[in-house]
Each structure stands twice: as C-alpha cells, then as structure tokens.
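Please read the structure below before turning to the comments.
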Amino acid sequence: MTLESLERIRTYSVLINDRRIPQLISWYVKTLQKAIDIIWKNVGWKIVPPRVVESKNKLSVKISLKLHQPTIPKSSSFKRSLRNELMKDNPYASHWVDAVIRTAYSIMEGWRKRYLRGKARRVKPRVTRGFARCKITLMKVDYEKKTIRITLKPYEYIEVSYADAWFFERVNGWRIGEVILKDNRVLIPFKKVEAVEINDIMVWDCNELELTGFSPKVGFIHVDLRPLITTRIICQGRRSKAQEIASKKLRIGRKLLEKYSGKERNKCSDVERKIAVQIVRAFPSAMHVFERLNKEDMISKGRNGSKWLRKRIARISWMNIIREVKRRAIVKEVNPKDTSKTCSRCGCKVKDPRGQIFKCPRCKLVIDRQKNASVNIYLKKMGFPHCCKWWDEVVKPLIHHELWVGVALMGTKPMIWSPMKGDLMAVKPKAYIGLSKPM
Ligand SMILES: [Zn+2]
C-alpha cells in the first residue's frame with residue numbers, strides 16, 4: 001500500500017453586479033494586447049540549421065520542423081521596460097500590470113510551442129475573449145465569512161461573497177486559487193490536496209470500441225464505447241453538414257452549427273463523465289494507468305482514411321474519459337510503444353499483428369488483442385519483465401474472468417448500466433448490444 005497525493009480542483013462561478021468589473025476587463029484585455037504587441041516586436045528569430053547527432057555509435061541528422069525559430073525576450077531589463085511602458089496612465093493597482101505581463105508571457109509561450117510543432121502560423125496572437133486573471137497578491141480571502149476581497153486600486157476593493165452559493169457545501173474547507181473575472185461573473189477555483197491510499201493498480205487499454213481494463217485482483221473489464229463513438233460520428237456528420245450550409249447561408253448555418261455542436265457534445269461528455277465516475281467508484285483505492293496518448297499521432301493519417309477518422313473520434317472520447325478520471329483519482333500514464341505488438345506471456349515481438357486475436361509465434365499463446373495489450377501495460381507500469389511462469393499463475397486463471405460494462409444512450413438520457421457492484425459476471429457482449437440503443 002502506498003499513499004499518493006491528489007490535487008482536486010473545482011471551479012464555480014458567482015454572479016456579481018458591479019459596473020467596475022466590465023471596466024476592469026476591458027482595460028485588462030487592452031493592456032494585455034499591448035503587452036503582447038511589445039513582446040512580439042522584440043521576438044528574436046534565429047536560424048536553426050540541421051544538426052548531426054550521435055547516439056549509440058550512429059550518426060543521424062536532426063532537422064527541426066521550422067528553420068526559423070522564435071525566442072521570446074526574457075531579460076530583466078526588457079521586462080522592466082515593458083512594465084514601465086504598461087504602467088503609464090494605469091488606473092489600477094500595479095499588481096494588475098504584473099498579472100497582465102504574466103498572462104501575456106504564457107500566451108506567447110503557448111504560441112511558440114504551437115508554432116514549433118507546426119500548429120500555429122507566424123502571426124501575432126490576438127486576445128479575443130474578455131477576461132481578467134487575478135493575482136493571488138490582489139486577493140484577500142476570508143474563509144470564515146466566505147468572502148473574497150479583490151483589490152482594484154489602493155484602498156478600492158470589490159467584495160465577492162460565496163456564503164449563500166449552492167456549491168458552498170461541496171467545497172467547504174478547500175483553499176481558493178487565483179480567480180478569473182469574466183463578463184459579470186467571478187470564476188473561483190477551489191483546491192484541495194488529498195492523500196489517497198493506493199491498494200491496487202488498474203490498467204486501461206484504449207481501443208476503438210472499448211476500454212479494456214486489467215488488474216490481477218479483479219480480472220478483465222470491458223467498457224463498451226460503441227454507443228458513444230456512434231453518437232460522436234453522427235455528431236461529426238451533422239456538424240460538417242451544418243458547416244457546409246454555414247459557408248453558403250451564414251445565419252441559418254451558424255444557428256444549426258451551434259445547435260448541433262452544443263447538444264451532442266453535452267450528451268457525449270455526460271456519458272464520458274459517467275464512465276469515469278463508474279470506473280473510479282468501482283475501484284476506489286486503485287491507481288489508474290492509461291497509455292499516454294500523444295497528440296502527434298492525430299496528425300499522421302493512416303493507410304485507411306475512414307479507419308483513421310474513426311480512431312480519431314474515439315481518441316477524443318478517451319482523452320475526455322482520462323481527464324475525468326484524473327479529476328477523481330490518481331492517474332499514471334505509460335508509453336504505449338509496442339504494447340499491442342508484444343506477447344504478454346513470453347515477450348516475443350510480432351511485427352505486424354492483425355485482427356482481433358493475438359497469436360504468439362514463440363510460445364503459441366492465443367489471446368484477445370486488447371487483453372494482451374492491457375497485460376503489457378500492467379507489466380510496463382510495474383516494471384516487471386515478461387515471464388511465462390507469472391503469466392500462467394496470475395493471468396491464465398483470469399482469462400475467462402471478465403466483466404462487461406455497457407453504456408446505453410436511451411432516448412435523450414444517457415445512462416450507464418453496470419453490474420460492477422457485487423460479483424463479477426461474464427456477460428456475452430452480444431447480449432447487451434440490443435439493450436444499448438445508439439440514438
Ligand atoms: Zn509468447
């Protein structure tokens with residue numbers, strides 16, 4: 001048993017009617033854009049030629065995606081002059097200027113990273129949303145009275161109370177982080193660090209149709225994602241149609257687009273959240289291990305276009321599920337390299353595994369592809385080597401010990417039916433396809 005710390009963050013908003021807030025936001029956005037303008041002007045561009053790198057006695061040429069690479073000015077003299085420039089006719093407390101500078105730098109850093117990955121153009125970032133991110137030094141929280149005092153100017157404050165808020169019970173005893181002002185609302189992030197006892201490890205293999213879980217204590221678990229993926233595909237189809245209309249008839253198209261993207265997305269994210277909640281509830285003291293999904297994979301288009309699209313759509317669901325699990329439990333990620341190509345029993349690597357069944361040429365193991373991958377992820381996480389004896393002792397008795405969990409979208413209400421509480425039951429997958437009506 002080990003203890004891990006889990007940081008929980010919940011953000012709630014409080015309505016506030018104060019004319020000074022829109023004024024502050026418009027000043028903040030204007031100043032932020034000004035700060036970005038100044039930083040942008042001073043961005044240095046240098047040419048990075050291809051380099052020859054030596055590793056493992058082999059020479060290879062490394063070419064960066066971008067020949068011209070930006071460097072963001074960070075010297076203290078530059079920062080001082082930037083601050084002085086922004087402080088000119090600044091009506092607010094000087095900490096607000098510091099808050100602006102910090103946000104400007106994080107926007108610029110984000111742009112630089114995206115640019116180097118080829119995801120952003122060489123265009124100055126623009127602030128389009130109206131918001132103001134507060135600094136902790138501008139806030140004074142009274143946890144007794146449940147109020148937050150935000151400094152605008154020296155001796156001028158806005159007081160926000162969350163004493164009567166509906167969420168108060170949920171965050172009792174939590175600490176408050178930096179608030180964000182938006183429109184007529186104050187977004188308050190509540191934080192709490194919890195110590196979580198870890199008694200078990202649950203690994204999850206993400207594949208197109210399901211999540212396959214494995215733990216030596218429980219066995220194999222299949223979470224069916226088919227209804228969810230179907231909904232996403234329908235959603236995608238409708239959206240692209242609406243997009244087509246939007247390109248011709250602006251007003252109707254935009255309305256359609258809004259309607260479809262909002263509605264379906266809510267439905268999907270609701271199901272994804274429920275799956276995550278079920279997973280965490282079923283294994284309360286487990287650490288959940290997922291494969292690291294790198295975003296780069298999304299770009300490379302496979303041989304088969306439609307399969308690539310299906311996988312991409314499934315990936316959105318996995319990411320959302322993982323994110324929701326992360327909010328509720330300890331999540332660790334492992335490198336997914338070779339997990340589907342390696343025999344989980346003897347460690348033999350198969351070059352091009354095909355089909356649903358994995359067959360090992362060395363030890364003649366025949367196993368479901370997804371189960372094989374999940375056992376591999378388990379071994380990777382634990383740092384165990386492949387061992388036939390361990391496999392025969394631990395995994396073999398569990399091979400037919402499975403739990404099927406379905407996600408059914410009934411009408412407009414998504415619901416989960418799960419026999420997770422109580423004994424494990426092996427349900428034939430076909431038995432519940434009929435039950436789950438995809439839209
Ligand atoms: Zn083998």
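Could you tell me which trypsin sites (Lys or Arg not before Pro) in region 51-103 are loop residues by DSSP with no more than 12 other beta carbons within 10 angstrom of their beta carbon?
Working: sites: Arg51, Lys56, Lys58, Lys62, Lys66, Lys74, Lys79, Arg80, Arg83, Lys88, Arg102; in loops: Lys56, Lys66, Lys74, Lys88.
Answer in residue order: Lys56, Lys74, Lys88.
Compute the long axis of helix 369-382 from its Cα atoms, compare it with the longest principal axis of the Cα atoms of the chain, and write down the angle in degrees, 0 to 90, nearest 10.
60
Give me the number: length gained by fully extending Asn84 to Leu116, i.e. 0.36 nm times residue separation minus the C-alpha to C-alpha distance, one decimal in nm.
Result for the pair: 8.5 nm of gain on full extension.
With +1 on each Lys and Arg Cβ and -1 on each Asp and Glu Cβ, how big is the dipole of the chain about its Cα centre, in debye rounded to the nearest 20? Show your work: numbers first, answer last.
On the way: 94 positive and 41 negative charges, 457 e Å.
Using Cβ point charges on Lys, Arg, Asp and Glu, the chain gives about 2200 debye.
Share of the chain's accessible area from carbon and sulfur, percent, 1.4 Å?
Using a 1.4 Å probe with all protein chains present, the chain comes out at 52 percent carbon and sulfur.
Given charges of +1 on the Cβ of Lys and Arg and -1 on the Cβ of Asp and Glu, with all other atoms neutral, how large is the dipole of region 346-405 about its Cα centre, in debye to the nearest 20?
Working: 12 positive and 5 negative charges, 62 e Å.
Dipole size: approximately 300 debye.
Given a 1.4 angstrom probe, what's the average accessible area per residue across the chain, in square angstrom?
Value returned for the chain: 58 Å² of accessible area per residue.
Note the angle between two axes, namely the Cα long axis of helix 250-282 and the longest principal axis of the Cα atoms of the chain, as a number of degrees from 0 to 90, rounded to the nearest 10.
60
Near Gly173, within a Cβ-to-Cβ distance under 14 Å, what is the net charge of the other residues, with Lys and Arg +1 and Asp and Glu -1?
Combined, the nearby Lys, Arg, Asp and Glu give +4.
When the dipole is taken about the Cα centre of region 1-84, and only Lys, Arg (+1) and Asp, Glu (-1) are charged at their Cβ, what size is it in debye, to the nearest 20?
340
Could you report the accessible area of Asp89 in Å², rounded to 10, computed with a 1.4 Å probe on the protein chains as they sit in the structure?
Estimated to the nearest 10 Å², Asp89 gives 140 Å².
Give me the net charge for the shell around Asn320: Cβ to Cβ below 9 angstrom, other residues only, Lys and Arg +1, Asp and Glu -1. It would help to have the intermediate numbers written out before the result.
On the way: positive: Arg273, Arg323; negative: Glu272, Glu324.
The answer is 0.
Please report the Cα spread of region 365-406 along all three principal axes, rounded to whole Å, starting with the longest.
Principal-axis extents of region 365-406 (Cα, largest first): 33, 19, 15 Å.
What are the chymotrypsin sites (Phe, Trp or Tyr not before Pro) within region 192-239 that DSSP puts in a loop, where the Cβ has at most 12 other Cβ atoms within 10 Å?
Loop-located and lightly packed - none at all.
In Å and on Cα atoms, what radius of gyration and Dmax does the chain show?
26.2, 78
As a check on your grasp of the helix formula, calculate [θ] at 222 nm for the chain: sum -39500 (n - 2.57) over DSSP H runs of n ≥ 4, divide by the residue count, round to the nearest 500.
-12500 deg cm²/dmol
Using the structure shown, select from Lys88/Lys182; Lys135/Lys191; Lys341/Lys380; Lys341/Lys396; Lys359/Lys381 the pairs with a Cα to Cα distance greater than 21 angstrom.
Going by Cα-Cα distance, Lys88/Lys182; Lys359/Lys381 fall outside the 21 Å limit.
Going out from 0 in 10 Å bins, what whole percent of all Cα-Cα distances in region 94-237 drops into each bin?
9, 22, 19, 28, 20, 3, 0
For a quick check of your reading of the filter: which GluC sites (Glu not before Pro) in region 67-147 sit in a DSSP loop and have no more than 10 other Cβ atoms within 10 Å?
Within region 67-147, the qualifying GluC sites (Glu not before Pro) (loop, at most 10 other Cβ atoms within 10 Å) are Glu144.
Going by alpha carbons, how many degrees (0 to 90, nearest 10) lie between the helix axis of 94-116 and the longest principal axis of the chain?
In the chain, helix 94-116 runs at an angle near 40 degrees to the longest axis.
To the nearest 10 square angstrom, what accessible area does Met382 show with a 1.4 Å probe?
70
Set Lys and Arg Cβ to +1 and Asp and Glu Cβ to -1, take the dipole of the chain about its Cα centre, and tell me which of Ser64, Ile229, Met87 lies farthest positive.
Of the candidates, Ser64 comes out farthest on the positive side.
Figure the gain on full extension for Arg281 and Ser240 (residue separation times 0.36 nm, minus the Cα-Cα span) and round it to one decimal in nm.
11.1 nm
The values are calculated or read from the model by the stated rules, or taken from the named source; none is laboratory data. Since the model is a prediction, treat every value here as computed from it, not as a measurement. Neighbour counts are summed over all protein chains in view; Cβ atoms, including those assigned to glycine, are modelled from backbone coordinates with ideal geometry. The area values use the complete protein model at the heavy-atom level, side chains included, leaving out ligands, DNA and RNA. Shrake-Rupley method; radii C 1.70, N 1.55, O 1.52, S 1.80 Å.
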